[in-house]
Amino acid sequence: MKKNNSLLLSAPYILFMIVFTLIPLGVVGYYALTDVDTGRFTWENVQNLVLYLPAFWRSILYSLISSLICLLIGYPVAYFIAHRGPVMQKFLYMLVMLPMCMSFLLRTLAWVGLLQDTGIINNLLDSIGLARLPLIRTPAAVILGMVYNYLPYMILPLYAIIVKIDNRLIEAAEDLGCTPAQTFVKVVLPLSMPGILSGMTMVFVPAVSTFYISQKLGSTDVVLIGDIIERFFKQGNNANMGAALSLLLMILVFVCTGIINRFGGTDEEGAVIV
């Protein structure tokens, strides 16, 4: 009886996963393995993936760089928040979440206004007698946009695990003669590793598939895999090839989520399970 009740309660979730996850994945797989003209099974789309490997590797490189920068910025922020009082923690947590309440498009367009040749930063440089800088339409601008938009995804899981680290472990390390640096390296950092893995994954996955940031902040030479997929579907000339590229990205996402679920700890440890 208890087993039947559990199955009944999980039925809405199972139905949701089938309708909104399994069926869309199946549709993508079908289009990826069929011909655009005849609809017959073919490996041609998969074989043509090698043509887009430069954009694929560029996307991975930019995403890894963005993830590492987010880690370098987000870890000190999360550590600082976790060691404030309860009221201050809530306030700082709200500040981290606040930009996410604004449209992703508006946040990106704001950086366009800041970085463009006639933007705020270059106008400020010009007003004080300095030369204008080529800030926009560069790989650095794309990475900056990724870091800004996805930084909260790094801070939140790091905060969730650092705040749960038992202070008695830190006190024990100090009592045994560890310096603050040694305590951090030997106690705090290993215990926060699940949060690091979670944060890296949560930044990497959306960054590797992004296209709007590269279109607004990058040049025509900065083409990411998300840009190519968007063109295939938006222009409507080859949705099957776009589906094949999407399938490749999905495999990458599955690998990332598998790693985090294998090494990212449990909910009790404060990690984010995907």
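The values are calculated or read from the model by the stated rules, or taken from the named source; none is laboratory data. All values reported here derive from a predicted model rather than from experimental measurement. Ideal geometry is used to build each Cβ from the backbone, glycine not excepted, and the neighbour counts take in all protein chains shown.
Numbers at a glance
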quantity: Single residue of region 79-104 satisfying the filter (of a type in the set (A, V, I, L, M, F, W, C), under 19 Å from PRO206 (Cβ atoms) and touching a helix residue (DSSP H, G or I) at 6+ places or on another chain (Cβ under 7 Å)) that is surrounded by the most Cβ atoms within 10 Å (Cβ to Cβ); calculated: VAL96
quantity: All helices (runs of 4 or more DSSP H) inside region 124-199 with 1 or more residues being modelled with pLDDT of 90 or more and among the polar types (S, T, N, Q); calculated: 139-162, 180-183
quantity: ARG107 within 20 Å of GLN215 (Cα to Cα) and either touching a Gly at 6+ places or on another chain (Cβ under 9 Å) or surrounded by 14 or more Cβ atoms within 10 Å (Cβ to Cβ) (or both); calculated: yes
quantity: Scope region 47-64; condition within 14 Å of ASN238 (Cβ to Cβ), surrounded by 15 or more Cβ atoms within 10 Å (Cβ to Cβ) and hydrophobic (A, V, I, L, M, F, W, C); matching residues; calculated: LEU49
quantity: Unmet requirement for ILE260, which otherwise passes all of (1) part of a helix (DSSP H, G or I); (2) of a type outside the set (Lys, Arg); (3) modelled with pLDDT of 85 or more; calculated: (3)
quantity: Long-range neighbours under 6 Å by Cβ, at least six apart or interchain, first residue farther than 26 Å from GLY199 by Cβ within region 238-260, second at pLDDT below 85 and not in a helix (DSSP H, G or I); calculated: ASN238/VAL36; ASN240/VAL36
quantity: Only listed residue being modelled with pLDDT under 90 and touching an Asp or Glu at 6+ places or on another chain (Cβ under 9 Å), chosen from THR42, THR21; calculated: THR42
quantity: Checking LYS90 against (1) of a type in the set (D, E, K, R); (2) closer than 25 Å to ILE196 by Cα; (3) touching a residue at least 60 places away in the same chain (Cβ under 8 Å), the condition it does not meet; calculated: (3)
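Residues checked against (1) β-branched (Val, Ile, Thr); (2) more than 30 Å from LYS90 (Cα to Cα); (3) surrounded by 21 or more Cβ atoms within 10 Å (Cβ to Cβ):
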{"position": "GLY119", "(1), (2), (3)": "no, yes, no"}
{"position": "LEU124", "(1), (2), (3)": "no, yes, no"}
{"position": "GLY129", "(1), (2), (3)": "no, yes, no"}
{"position": "PRO134", "(1), (2), (3)": "no, yes, no"}
{"position": "PRO139", "(1), (2), (3)": "no, yes, no"}
{"position": "VAL142", "(1), (2), (3)": "yes, yes, yes"}
{"position": "GLY145", "(1), (2), (3)": "no, no, yes"}
{"position": "ILE155", "(1), (2), (3)": "yes, no, yes"}
